[in-house]
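Shown next, in structure tokens, is the structure this report addresses.
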Amino acid sequence: MKKTLSVLMAGILAAGSLFAFSSCRKVNDTVSNLRGTYTRDMEGTTLNVYNWAEYISDGAEGSLDVIAAFEKVTGIDVNYVMYDSNEVMYSKMKSGSVSYDIVIPSDYMIERMIKEGMLRELDFDKITNYDLIDDRYKGLYFDEEEKYSVPINVGMVGLIYNTKMVSGTPDSWSIMWDKQYKDKVITFDNSRDGFMIAQMKAGVDVNSENKEDWDKAAAELRSLNDNLQGYYMDETFNKMESGNAAIGAYYAGDFLTMRDENPDLAMVYPKEGTNIFVDSICVPSTARNYEAAMMFINFMLEPEVALANAEYLCYASPNTSVVENPDYSLKDNKLLYPDNMDELTVYYYHDLSNEIREYYGELWLKIKGE
């Protein structure tokens, strides 16, 4: 089960008193049946990984500690750094102030980074486990020639609601604007996802290059402000789990974690449509430990590792060894793998022109009063 950052911080603050205990705790860091070949040729070198917060199985509650397992197999030291949005990651990478060997962006951001020369081509001769990736997730619009990315997680954005606080079963994003839920509604604190909800309500293309379309969505967001308790990312967990908010929007995989804490929560994919996304492993053009990066990517696709990540993250997996594994506890979960997937209205985000990105970015800041 994933933890919110607030829980992690509490653990860090208590580390002094717990150190004696934690230093003796047995770590699950062994992968028993490796498909690929891993050497210790780069033992002692450092692999810098830049990933979403809480986006890898870390040994919690007996789960596999993927980083520790990789270090054990290869002798490579992993420096693991986290971010909470594609935009934060992009800005840091673009500044040139940091250098990472692995980064895991979403589809539209991969498209942008390829255009701007920020990613390096992968050596698929060394990623022998790539054959485990389901063909439906290969050659997608953001990397049609399959040169720069390896799919690792698939997800969709859903409408979360508290069944004790909301009447009936909502089927539309419009419930977020319902005045009876004033101050009980929360939404994303990132512009692309925040705009998506308003675009769905307004019937506007999420990838529109027309400023008037973004103005329509912005008008919807301004009116939503009257109902909002606030804009959140990781804090969404606490807000929904505690019952402090009645309605919110977030990623389906994270919703499953929230529901573990509060069984009164439910999620639907609204009839107007929603975002579907694929997060993939990439190597920045500034990477300093390319060969270690190839081994890490291959390791992440190992059946045992991919299963541990899928169980921990609660996102849909593009790895066939996971989906076909009879022990995969989420294989029949209808939020992750809907029976009516072909009937759902879903949209991938695409990279947009600089002019439109700047335009909706300015609108977003004004809407939030920043």
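Looking at 304, 324, 362, just one residue is among the charged types (D, E, K, R) and under 30 Å from residue 225 (Cα atoms), and that residue is 362. For the stretch 285-304, the count of residues that are surrounded by 23 or more Cβ atoms within 10 Å (Cβ to Cβ), within 18 Å of the chain's Cα centre (by Cα), among the hydrophobic types (A, V, I, L, M, F, W, C) and assigned by TED's automatic domain parsing to the domain that holds residue 60 is at least one. Being in a loop (DSSP other than H, G, I, E, B) and either touching a residue at least 12 places away in the same chain (Cβ under 8 Å) or among the aliphatic types (A, V, I, L, M) (or both) is the requirement here; does residue 309 meet it? Criteria not met by residue 309.
Tallying residues that are in contact with a helix residue (DSSP H, G or I) (Cβ under 7 Å, 6 or more places away or on another chain) and within 11 Å of residue 240 (Cα to Cα) within the stretch 258-280 yields 4. Looking across the stretch 237-264, just one residue is under 18 Å from residue 177 (Cα atoms) and either of a type in the set (S, T, N, Q) or loosely packed, with under 14 Cβ neighbours inside 10 Å (or both), and that is 244. When residues in the stretch 31-70 are screened for being acidic (Asp, Glu) and at pLDDT 95 or above, 3 of them pass.
How about the stretch 316-370: which of its residues are farther than 25 Å from residue 153 by Cβ and assigned to a loop (DSSP other than H, G, I, E, B)? Walk me through how you get there before you give the answer.
Taking the stretch 316-370 as the starting set, the residues that turn out to be farther than 25 Å from residue 153 by Cβ are 353-356, 358-370.
Selection gives 353, 369, 370.
Counting the residues of the stretch 175-204 that are without any contact (Cβ under 8 Å) to a residue 60 or more places away in the chain and either polar (S, T, N, Q) or surrounded by fewer than 15 Cβ atoms within 10 Å (Cβ to Cβ) (or both) gives 5. If you filter the stretch 91-113 down to residues that are modelled with pLDDT of 95 or more and in contact with a Lys or Arg (Cβ under 8 Å, 6 or more places away or on another chain), you find that the one that is nearest to residue 357 (Cα to Cα) is 108.
The values are calculated or read from the model by the stated rules, or taken from the named source; none is laboratory data. Computed from a predicted model, the values in this text were never measured in an experiment. Note: ideal-geometry Cβ built from the backbone for every residue, glycine included; neighbour counts use all protein chains shown.
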